[in-house]
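Worksheet: the structure to be examined is printed underneath.
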There are 2 protein chains.
Amino acid sequence: MAIDSPEPKTNGHSETQYGKNVVNGLKKEEEIENSSVHKLSFEQDHVLKTFRLLIADLCGQFNGGHPGGAIGMAAIGVALWKYVMRYAPHTPDYFNRDRFVLSNGYKDMTLDQLRSYHSDRVDALCPGHPEIEHEGIEVTTGPLGQGIANAVGLAMATKNLQATYNKPGFDVVSNHTWCMVGDACLQEGVGLEAISFAGHLKLNNLTVIYDNNQITCDGSVDLTNTEDINAKMRASGWDVIDIEDGCFDIEGIVQALEKGRASTDKPTFINVRTIIGLGSAVAGNAVAHGAAFAKDDVKNMKKLYSFKEDEHFVISDTAREFFSDIPSRGQDLVQGWQKQVQEYEAKYPELGAEFRRRVEGRLPGNWKDMIPSTFPDKPTATRAASGLVFNPIAQVANNFMVGTADLSPSVNMIWKGKVDFQNPDLKTTCGIVGNYSGRYIHYGVREHAMAAISNGLAAYAPGTFVPTTSSFFMFYLYAAPAVRMGALQQLQVIHAATHDSIGLGEDGPTHQPIELAALYRAMPNILYIRPGDSEETAGAWIAAIEAKKTPSIISTSRHTLPQQANTRREGVAKGAYVLQEVEDADVTLIGVGAELCFAVDVATELTAMGVKARIVSFPCQRLFEAQSLEYKRDTLRRHRGIPAVVIEPYAPNGWERYANAAICLTRFGHSLPGKAAYKYFGFEVGSMTAKVAEYLERLKGDSILQHEFIEL
Amino acid sequence: MAIDSPEPKTNGHSETQYGKNVVNGLKKEEEIENSSVHKLSFEQDHVLKTFRLLIADLCGQFNGGHPGGAIGMAAIGVALWKYVMRYAPHTPDYFNRDRFVLSNGYKDMTLDQLRSYHSDRVDALCPGHPEIEHEGIEVTTGPLGQGIANAVGLAMATKNLQATYNKPGFDVVSNHTWCMVGDACLQEGVGLEAISFAGHLKLNNLTVIYDNNQITCDGSVDLTNTEDINAKMRASGWDVIDIEDGCFDIEGIVQALEKGRASTDKPTFINVRTIIGLGSAVAGNAVAHGAAFAKDDVKNMKKLYSFKEDEHFVISDTAREFFSDIPSRGQDLVQGWQKQVQEYEAKYPELGAEFRRRVEGRLPGNWKDMIPSTFPDKPTATRAASGLVFNPIAQVANNFMVGTADLSPSVNMIWKGKVDFQNPDLKTTCGIVGNYSGRYIHYGVREHAMAAISNGLAAYAPGTFVPTTSSFFMFYLYAAPAVRMGALQQLQVIHAATHDSIGLGEDGPTHQPIELAALYRAMPNILYIRPGDSEETAGAWIAAIEAKKTPSIISTSRHTLPQQANTRREGVAKGAYVLQEVEDADVTLIGVGAELCFAVDVATELTAMGVKARIVSFPCQRLFEAQSLEYKRDTLRRHRGIPAVVIEPYAPNGWERYANAAICLTRFGHSLPGKAAYKYFGFEVGSMTAKVAEYLERLKGDSILQHEFIEL
């Protein structure tokens, strides 16, 4: 939409003189005076002003938003989108585009779309925080620290594709990843984990731009952080570049960015001093962060900038013209890349076909054939079964990048011939250990970053990577904020979570999950699957791999479990299914995951006592909820008046929907060997059988109890 | 118990020559040869050997455990417990004792207790990971990175007490905090957040000892971490001391530790090179970490050490004698302190009485009087009400240390005259901003460390501090692992969580909690309380403050809520209560927190339609569960055949126990202003009323539906 725009009166170079109000102890006066040293072209200066006023107007229209940071970062934005970034606004999903990650940024929108910021339009393209479903947004950020970890994942994706597919003369993948961070991202643990890991990996294709305005919600950053950030980044293996005047020095920023792109051996950290809310009355002040400026303040800004005080959302022809070369530049990039890929496919037909498969986000057609059709009839831990099922798939399907947070010996995710993803020049005490074409990632003890980086890998392009993480289930509480962001963004990441029961034993209550399943069963758009034996583990992996827009947690046991006669991988796909049917049953026993075997054993004992027990295996509530009402009722048969008892040593929250009673655990676990832990909490077949029998007796005479859920 | 112990044959100084097997590329040979340079006394050498064999035997008896790290750290242990630490083994809760935090350490146990390690004895005093309920264990660790953050909290506790109570000649609080960390604690985000914050605060009373064995589960640390840790710690504001031979150089370690204690302006980081599993066949190898050594290996170790190969758990008289001075030294410390406190109380009667109150862990008797008995009848956000209730309490009860993760303007936790907890020499851009006697903590954007540090504050001594944290509710997913550890350790920490509903609005789905309440309602030993108006907010704080062994989350709204006529603070104490009774009701509406007002409005509309609706306010499931069956039934009246519908824009998991149907949310939220977000998801009074009425109609003809839980 067109808005009449005044042409600015000044011409040639303009000197910037505003921002004097910043000096109230918060910003050094010299910093502001620096701003006038840099000679901006008339157009550059005008575009900066246009952006800053546009932001002020956007926040003003609904009296909310985060104007300060965006205004401070305007020059960085111009440097990136006008001069440095390789992208194609009309082909936002151009495969080889540079990736940009920002906690609170927008791009590539029409003015009309922009104006939906903070509006009550449910189709707003410009919500309060960036969200991935909108074109041109690489990842959803908002919760702090996630973005920088996502960026590390994006840069790793590039590295892996380059090492796998690029050939001399054919850089079919060559994009750079840019990430803008604020003070907060450098305080959050997940950001710090990712920074350390990126330095270790020597991701020279990653540039982090620090919007160093020294302001957070509580006030000046030195209230809470007085470390030497540049020294810390260097110690973490990063190159560091300083920009003193980030509000105006477009040329300096461009040079620094290009240096970041050209880095040969390290990721680059550009420390850019900016002023939050520059030009406004609250410049340099915490209140500039999260609230619209006062109306008069915006008017004064416009006056200062020689714009008309009462006009809003003004974009002059000069400003439009400034960016007019970008679409065609972008289309040149796209066409050049397409041509190169065609030549590549001609010269390397096999590799070319594989590259195309990856670009199109497909797995090899035969992935499912890799799964054993049967398993040896011997007790097997589902964590071991998980390896039997998945590792052959990972071997043939190079979409999978598989990581672990320092639990390789426990999680069984190593396939035959796996190569580690490592900087090829890394010389460890064990020698050279991998290269960038490797797909097994030692994340270190960094669960949260592992999950957030995996989101970045998945966000590189749909299906090109299917990142897989692994750790003990309990540590997915550390990773939870990133797992959530994956679910929210509909990113397919598969989390292989082992040691998922008090049956893990000696590690004790700190490692025994009690309440964590309740979180993941309640979290939208994620599959939490607890398979009960090897066959169900096959079903769990199939369900997870087929869920293209949903992350999954495959939750397995440390300890061995017997193979059940009637388990079916197809049953897992339905979330729950009848393992053993009995007509005119007295009770349905619901068995879950590592404790499915208990349900089977209790049913046997009940039968011997003359109590007819049917058995339902229930690996995944979310998948079950997606079934028809008819299927659900027929599986549970509660509508026929058959009470159901679920057996799971977790907090029962949520099982009340499917069961009348639970043999469960509502306190923290205990440090005992697995079998002893089960015994200590009453998960012995004899005592469970007695509890169920007694419950059924009580039910007969108690009409109230029939309508209540109880813990046995 | 006494075990026959052979007297070692060697005497005088002994040279150490074992560990040659470490050199398989994993450790520099020089490092091992260093070990022979340090001349240990005969007794020191013998004690080190005794410890190392004891650890090998402990893991051997049940064939499990973590022998390698403990064996590597033996010399550090001797340095601390024999020479440096100020503690009293027979008075383990001596108030002014030095605090020691270790991820996998034990102390002050009889041999019989030690031998319970990894056993199936449910009363084991030596579980797989240290647990707080056992005497002499300061905090439960296990999940990595928590311990160092706890230690920061313990050191802050000391600082605050010193600044508040010490007088010239009366250092009634003078203890130091020691923390042993491994490679993993320096990778975990929560540890990194805590390190940065401790450097900022200049906690010179904190010494972190880095057991630098360069081994984690996956192998050598340089697989995942190649940063310059010393430079990183210096950049973070720490002093750094290197110890090259941490396996044997007891004297060097003692000197470093004493230097740490004497530091005047910074926390100290002692980087101690050790060898995991020293002396065993797997020395320097990852497999030494989490599995018992082979039997023959232990035999060889004993041979090498001149111990008898077939004897186990050998503690000679020499070894016992070595530590024999410690109990009396400890009792001297205790008596000296008690005497000093008596003199202090005589000289400063008022302050002395207050100090005694704090030592005994009591709040001022009048804390409850500070709470307004009534509130103005105007719409008030419960986050604002929270401030009205709590801030006057925090003002009079200096047990409260109140922190926020950079959300001071949003969480309303600032009381009149509050002083910031800061290093008094810190000169920020705003000047001097606080001192160590301050009780308001700007944690920065470090939610996880905030909660873990608060656990440390609470663990200093029972009730001496009641730490309080604050942030948006959604960010308690970042903090969740530490909140869990608080619940597990029965530490009273109160978390003030605001913005707890989709009603928060524009911040969008990343900030709108949907599934998080399900986690905290399932987590053992924590109160998750959602008050519905100001009166209930008073009830929530009272319940939280009175729960001495249970952390709480007080979950409040960003937006204003009407005051309800019949809410009662005493009702909150019962978890749920009848807000509006109706005889022969057709339905019970359950209202929760920010949406209690919806239940009230829907009831009004239903009444107008001729449908009799009673209302239950249900702020806390856990408190309700603790009530009698009679109270529970009478509150819900489901046993009278009255269906219940709960209204809450969260995942309904767990409500199935109390309700037949839910107006709830099972997908992620949306970026819209609060009112629009409610509307978008159907939380409008008109449409909710229609849903309930329609549901009641359907119920009449559907006998199956009566037994099922559905989402409306």
request  = Note down the net charge around residue B:403, summing +1 for each Lys or Arg and -1 for each Asp or Glu among other residues with Cβ under 12 Å from its Cβ.
outcome  = -1
query = Stretched out fully, how many nm does the piece from residue A:309 to residue A:609 gain, at 0.36 nm a residue minus the Cα gap?
reply = 99.3 nm
remark   = Once Lys and Arg are counted +1 and Asp and Glu -1 for all other residues with Cβ under 12 Å from that of residue B:179, the total becomes -2
message = For residue B:347, place a label point 7 Å from Cα along the Cα-to-Cβ direction in every copy; what are the distances to the other copies, in nm, shortest first?
response = 8.5
task = Report the closest approach of any chain B C-beta to the axis of the B-to-A rotation: residue and distance, in whole angstrom.
result = B:189, 1
message = Give me the dipole magnitude in Debye, nearest 20, for the protein assembly as shown about the Cα centre, with unit charges on the beta carbon: positive for Lys and Arg, negative for Asp and Glu.
response = 800 debye
query = According to a simple spin-label model (label point 7 Å from Cα along Cα-to-Cβ), what is the distance in nm between residue B:356 and residue A:343?
reply = 9.0 nm
request  = Taking amide H positions as placed in the peptide plane 1.01 Å from N, state which residues far from residue A:421 in sequence (5 or more) or on other chains have amide H under 5 Å from it.
outcome  = A:439, A:440, A:441, A:442
Residue-count net charge about residue B:560 - beta-carbon cut-off 12 Å; Lys, Arg +1, Asp, Glu -1 = +3
key: Cβ charges +1 (Lys, Arg) and -1 (Asp, Glu), total dipole of chain B, debye   = 1380 debye
ask   = Per q in 0.17 1/Å, what log10 I(q)/I(0) does a Debye calculation on the alpha-carbon atoms of the stretch B:371-561 return?
value = -1.09
query = Long-range amide H contacts for residue B:243: which residues qualify at under 5 Å (H placed 1.01 Å from N, peptide plane, sequence gap of 5 or more or a different chain)?
reply = B:271, B:272, B:273
message = Just to confirm my numbers, what's the Cα centroid distance between the stretch B:614-657 and the stretch B:152-203 in Å?
response = 44 Å
query = Along the charge dipole of chain A, Cβ charges K/R +1 and D/E -1, which of A:542, A:442, A:278 sits furthest on the positive end?
reply = A:542
query = Using 7 Å Cα-to-Cβ label points, what is the residue A:163/residue B:418 separation (nm, one decimal)?
reply = 4.9 nm
note = Between residue B:581 and residue B:332, the FRET efficiency computed from the C-beta separation at R0 = 45 Å comes out, to the nearest 0.05, as 0.10
request  = Normalising by the residue count of chain B, find the relative contact order in percent from Cα pairs under 8 Å and 6+ residues apart.
outcome  = 12 percent
Table column - 3J(HN,Hα) (Hz), the stretch A:219-226, Karplus curve with 6.51, -1.76, 1.60, x for Gly and Pro = x, 6, 4, 5, 5, 10, 8, 10
query = Once both axes come from the Cα atoms, what is the angle between helix B:250-262 and the longest principal axis of chain B, in degrees from 0 to 90, rounded to 10?
reply = 40 degrees
inquiry  = Using Stokes-Einstein with the Kirkwood hydrodynamic radius over Cα pairs, what translational diffusion coefficient do you get for the stretch B:365-433 at 10 °C and a viscosity of 1.306 mPa s, in µm²/s rounded to a whole number?
reply    = 114 µm²/s
remark   = Here the correct list, in nm and shortest first, of distances from residue B:321 to the same site in the other copies, label points 7 Å along Cα→Cβ, is 9.7
Global size of the stretch B:383-469 as Cα Rg and Dmax, reported in angstrom = 12.7, 37
Footprinting exposure proxy for B:370, B:609, B:156 (fewest neighbouring C-beta atoms within 10 Å first) = B:609, B:370, B:156
task = Report, by chain and number, residues whose modeled amide H sits under 5 Å from the one on residue A:432, excluding near sequence neighbours (fewer than 5 apart, same chain).
result = none
key: Derived scalar couplings ³J(HN,Hα) [the stretch A:93-102; Karplus, 6.51 cos²θ - 1.76 cosθ + 1.60; whole Hz; x for Gly, Pro]   = 9, 3, 4, 9, 5, 5, 9, 10, 10, 9
request  = Two decimals is fine: what's Rg over Rh for chain B, C-alpha atoms, Kirkwood radius as Rh?
outcome  = 1.04
task = Please report, in debye to the nearest 20, how large the charge dipole of the stretch B:570-711 is about its Cα centre when each Lys and Arg carries +1 at its beta carbon and each Asp and Glu carries -1 there.
result = 220 debye
ask   = For the residues B:558, A:357, A:439, what sequence is obtained by ranking on other C-beta atoms within 10 Å, fewest first?
value = A:357, B:558, A:439
task = Scan the stretch B:289-338 for GluC sites (Glu not before Pro) in coil per DSSP, keeping those whose Cβ has at most 14 other Cβ atoms within 10 Å, and list them by number.
result = B:309, B:311
inquiry  = Ordered shortest first, which distances in nm separate the 7 Å Cα→C-beta label point of residue A:299 from those of the other copies?
reply    = 9.4
Debye-sum result for the stretch A:254-317 in log10 I(q)/I(0), which assumes one identical scatterer on each alpha carbon, at q = 0.25 Å⁻¹ = -1.01
message = Nearest 10 degrees is fine. How inclined is helix A:596-608 to the longest principal axis of chain A, computing both from alpha carbons?
response = 20 degrees
key: Taking the stretch B:439-539 and dividing mean pair separation by its residue count, relative contact order in percent (alpha carbons under 8 Å, at least six apart)   = 24 percent
request  = Once you have all Cα-Cα distances for the protein assembly as shown, histogram them in 10 Å bins from zero and send the whole-percent values.
outcome  = 1, 8, 16, 21, 21, 17, 10, 4, 1, 0
key: Sequence-distant aspartates and glutamates (8 or more away, or on other chains) whose Cα lies within less than 20 Å of residue A:416   = A:369, A:406, B:218
note = Projected onto the charge dipole of chain A (unit charges on the beta-carbon of Lys, Arg, Asp and Glu, signs +1, +1, -1, -1), the Cα from A:237, A:677, A:224 with the largest positive-side position is that of A:677
query = From the backbone phi of the stretch A:573-590, what are the Karplus-calculated ³J(HN,Hα) couplings (6.51 cos²θ - 1.76 cosθ + 1.60, θ = phi - 60°) in whole Hz, Gly and Pro given as x?
reply = 4, 8, x, 8, 7, 7, 8, 8, 9, 9, 6, 6, 5, 8, 7, 9, 9, 9
Residues A:345, B:343 arranged by fewest to most Cβ contacts within 10 Å = B:343, A:345
Semi-axis lengths, Å, the stretch B:570-711, gyration tensor of Cα atoms, sqrt of 5 times eigenvalues = 22, 19, 15
key: Directionally averaged shadow of the stretch A:205-314, computed from the convex hull of its alpha-carbon atoms, nm²   = 8.5 nm²
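Coordinate-derived values only; no laboratory data. These figures come from a predicted structure and were not determined experimentally. Every residue, glycine among them, receives a Cβ derived from its backbone with ideal geometry; neighbour counts consider all protein chains shown.
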